[in-house]
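A quick write-up on the structure given underneath.
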Amino acid sequence: FKAPSRDHPALYRDLLRTNRVHWIAEEPPAELVREKMMECHFRFRHQMALVPCVLTLNQDGSVWVTLVKPARAITPGQFAVFYKADECLGSGKILRMGPSVYTLQQGKNREESPKKEEIDKIEPAT
């Protein structure tokens, strides 16, 4: 897929899933085990700004990563690296991604379009 521009909504996503995360200090962090969710930050490219996110722990040790705001050009095969304050918690390879902002906008537009019955009421068939 080639997007029409660098900032096309199809390049932005706010949900991804990793494989089993390799945790550095605690396997996995106690807060994540206790709450099944944890706020932290993540990046998927070296030197990119940290992005606030919420991790949701899966049975198999993988995580769903929900970003506070969509990030551009996340690709399967890259590594998601997680941080809390200045501490690197661990990382996991990105396996899957949720729908793009573009796809979500298309879905919203479809929901808002009038139904056939409503159109028939406005314009009676001749």
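The values are calculated or read from the model by the stated rules, or taken from the named source; none is laboratory data. Every value quoted in this text rests on a predicted model; they were computed, and no experiment measured them. Here Cβ is always computed from backbone atoms with ideal geometry, including for glycine, and neighbour counts include all displayed protein chains. For accessibility, only protein heavy atoms count, side chains too; no ligands or nucleic acids. Shrake-Rupley method; radii C 1.70, N 1.55, O 1.52, S 1.80 Å.
The modelled label-to-label distance between ARG45 and LYS93, using points 7 Å beyond Cα along the C-beta direction, is 2.1 nm.
Restriction of the trypsin sites (Lys or Arg not before Pro) in segment 1-80 to DSSP coil positions whose beta-carbon has at most 12 other beta-carbons within 10 angstrom yields LYS2, ARG6, LYS36. Here the simple spin-label model places points 7 Å from the Cα toward Cβ, and for VAL54 and ALA73 these points are separated by 2.9 nm.
Close amide H contacts of ILE24 (hydrogens built in the peptide plane, cut-off under 5 Å, sequence separation of 5 or more or a different chain): GLY90. Packing here is the average count of other Cβ atoms within 10 Å per residue, and on that basis the peptides 61-69, 100-108, highest first, run 61-69, 100-108.
The alpha carbons of segment 9-105 occupy a box of 37, 29, 22 Å along the principal axes, longest dimension given first. For segment 35-45, putting each phi into the Karplus relation 6.51 cos²θ - 1.76 cosθ + 1.60 with θ = phi - 60° gives couplings of 8, 6, 9, 7, 7, 7, 10, 8, 9, 10, 9 Hz, in residue order, rounded to whole numbers and with x for Gly and Pro. Atom-type composition of the exposed protein surface of segment 9-105 places 55 percent of the accessible area on carbon and sulfur (1.4 angstrom probe).
With r as the distance between the Cβ atoms of ASP86 and LYS36 and R0 = 25 Å, compute the FRET efficiency 1/(1 + (r/R0)^6) and round to 0.05. For LYS36 and ASP86, the calculated efficiency is 0.50. Phi-derived couplings, Karplus 6.51 cos²θ - 1.76 cosθ + 1.60 at θ = phi - 60°, listed residue by residue for segment 103-109: 4, 5, 5, 4, x, 5, 4 Hz, with x used for Gly and Pro. Spacing of the modelled spin labels on HIS8 and ARG20, each 7 Å from Cα toward Cβ, amounts to 3.8 nm.
For the peptides 80-92, 47-59, residues were scored by their other Cβ atoms within 10 Å and the scores averaged per peptide; the highest-first order is 80-92, 47-59.
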